[in-house]
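Laboratory data are not the source of any read-out in this text; all were calculated from the coordinates shown. Keep in mind the model is a prediction, meaning the values are calculated, not measured. Virtual Cβ from ideal backbone geometry, glycine too; neighbours counted across all protein chains shown.
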Amino acid sequence: MKKLLLWIVVLAGLAGGALASGLADPLVAWQVKGSLVASGLGENRAECMADRMVERLTLGQLWKLRQGMAPQEGEPENAEGLGEMIKRLRRVGDGEAVAVLTTSAGLCAIGLG
């Protein structure tokens with residue numbers, strides 16, 4: 001039992017170290033890109049936005065974005081229209097995360113991302 005607990009602690013430490021040092025950034029970017037594609041963005045734009053977002057936001061902020069932008073009961077799966085998108089962005093409650101999301105979307109849309 002002690003060996004199992006020790007291995008769990010070691011693995012948790014390695015995972016935390018990988019996240020803190022940036023070694024896990026490609027995996028995090030892959031997850032963000034997958035979420036963006038699932039929400040209806042094109043593959044290239046999602047990849048551009050994911051890279052920018054992972055560079056500029058913490059894991060906590062990325063999680064807030066994911067939770068805030070997810071449809072709640074009675075909402076359509078994809079945010080259709082500007083009004084629905086704004087409603088979901090307000091739910092996030094993190095101005096920096098929303099700013100990075102919107103600037104990333106704009107810059108990647110015009111090819112500067």
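Is region 60-106 best put as rounded, prolate or oblate by its Cα gyration tensor, with a ≥ b ≥ c the root eigenvalues, rounded for a/c under 1.5, and otherwise prolate when a/b is larger than b/c, oblate when not?
On the way: a/c = 2.14, a/b = 1.37, b/c = 1.56.
Oblate, because a/c is 1.5 or more while a/b does not exceed b/c.
How much length is gained on full extension from Asn44 to Lys3, taking 0.36 nm per residue of separation minus their Cα-Cα distance? Don't jump to the answer; show the numbers that get you there.
On the way: separation 41, 0.36 × 41 = 14.76 nm, distance 4.53 nm.
So the extension gain works out to 10.2 nm.
Going 7 Å from the Cα of Thr103 in the Cα-to-Cβ direction, what parts of region 31-55 have a backbone nitrogen less than 17 Å from that spot?
Under cut-off, by backbone N: 48-55.
Hey, what do the phi angles of region 87-99 turn into as Karplus ³J(HN,Hα) couplings, whole Hz, using 6.51/-1.76/1.60 and θ = phi - 60°, x for Gly and Pro?
4, 6, 5, 5, 5, 4, x, 9, x, 5, 5, 5, 4
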